[in-house]
Every structure is written in structure tokens, then in C-alpha cells.
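Encoded as C-alpha cells, the structure appears first; notes follow it.
Values in this text are rule-based calculations from the coordinates and carry no lab data. Since we're looking at a predicted model, the values are computed, not measured. Every residue, glycine among them, receives a Cβ derived from its backbone with ideal geometry; neighbour counts consider all protein chains shown.
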């Protein structure tokens, strides 16, 4: 990752969350989790970045682990690994695919903390494929803004602001969004998907 971002490393702090495709292959996983910037993964924690508290929840909800509001099958990655069978393990641990699954332990590690911004791969309920669990997490953190990826679109959530209790912004595929939700670089599918029904 540091090779791809080399041109901006001297200009800004780089922080990230992982998405579901970051565990598609060994190379994808290693380029992110084995990078010199691996300690900048916000997943499951709150970091102070330039005076702003940013919480991160990387990965996706998967039915084999937990898809809220349904009760979870496994609370932790350790519990899943113990039950998955030796042949399913990757590098003698959690299967690679599930290294981008949201486990309840990751989610609840954030619940009692405070943040100004939530960055999650999964979307809140304002998105047609979003989750109320993300709404609840954002409210428990008392964030003013939440940003999400995953769906490769950047929908207008302004009408949901009051209902949610926080502003929400989607970051499109390969898009760049500023901390106020302003578009710096549109995602590749933003214009094509702008009219998606919600």
C-alpha cells in the first residue's frame, strides 16, 4: 500500500479500513495487512487524527458469522477459528475470507467509545442495502458524520440526517471524499448509480 500511496505520504496522514475484497487473494491481503501502513488500520478502534476522533469498522457482515439483526453464530474470530476445522484455516488461523468479516467482538469494542466520525465499510440503514446496526453504532459513538464504502456509490442521504441523528456519506469506488462529505474525486460509478432507489 505504501508503494501506491508514496506520492502523498509526505502530505497527509494515511489511515484506512479494510473492505471485503481485501481478503480475496493472498496478495490482496498481504499488500494491505502486511504493508508498512498496517498499523494505520482503524478497524475496531478510535484514533485521534489531526484532532479528530475517527472510529473504524472494516469488513462486512456475513451470514456465516453475523448478519444483524439476526443473532450472531460466532462472537469472535477465535471462536470461529476453533470451530471451522483445520482444513479451512489459513496460515494456521482464521480463514482468509473471514479476515474481512465483522465479528461482534469488533463491533462491541467500539460501542462504549466516543468519536467524531465513523468510517465503516458497511452502510447505515439510509442505503438500500444498509444496516440499522451501523446506525446504532454511530449513535452510540455520538458521531456527527459516518462514511461508508462497499456499495460503490455516493447517494444523497441528506433527507435521512434527522432520522439517523448524524450525517451520512458514501464513498464511491475509487472515489475520494473530504471530511465534510464533499467530493474530491468522484467514484467510477457515482453518476451511473446516483438515481438508485432508496
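Conditions (1) more than 21 Å from residue 118 (Cβ to Cβ); (2) in contact with a strand residue (DSSP E or B) (Cβ under 7 Å, 6 or more places away or on another chain); (3) surrounded by 13 or more Cβ atoms within 10 Å (Cβ to Cβ), marked per residue:
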{"site": "36", "(1), (2), (3)": "yes, no, no"}
{"site": "43", "(1), (2), (3)": "no, yes, yes"}
{"site": "48", "(1), (2), (3)": "no, no, no"}
{"site": "55", "(1), (2), (3)": "no, yes, yes"}
{"site": "64", "(1), (2), (3)": "yes, no, yes"}
{"site": "74", "(1), (2), (3)": "yes, no, yes"}
{"site": "80", "(1), (2), (3)": "yes, no, yes"}
{"site": "94", "(1), (2), (3)": "yes, no, yes"}
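For segment 97-109, the set of residues classified as crowded, with 18+ Cβ neighbours inside 10 Å and in a helix (DSSP H, G or I) consists of 98, 99, 100, 104, 106, 107, listed by residue number. Counting only residues that are farther than 18 Å from residue 150 by Cα and either assigned to a loop (DSSP other than H, G, I, E, B) or touching a helix residue (DSSP H, G or I) at 6+ places or on another chain (Cβ under 7 Å) (or both), segment 47-64 holds 3 of them. Does at least one position in segment 173-181 carry a residue that is crowded, with 22+ Cβ neighbours inside 10 Å and either outside any helix (DSSP H, G or I) or free of Cβ contacts under 8 Å to residues at least 60 places away in the same chain (or both)? No, the conditions are met nowhere in segment 173-181. Looking across 13, 4, one residue alone is loosely packed, with under 13 Cβ neighbours inside 10 Å, more than 24 Å from residue 134 (Cβ to Cβ) and touching a strand residue (DSSP E or B) at 6+ places or on another chain (Cβ under 9 Å). It is 13.
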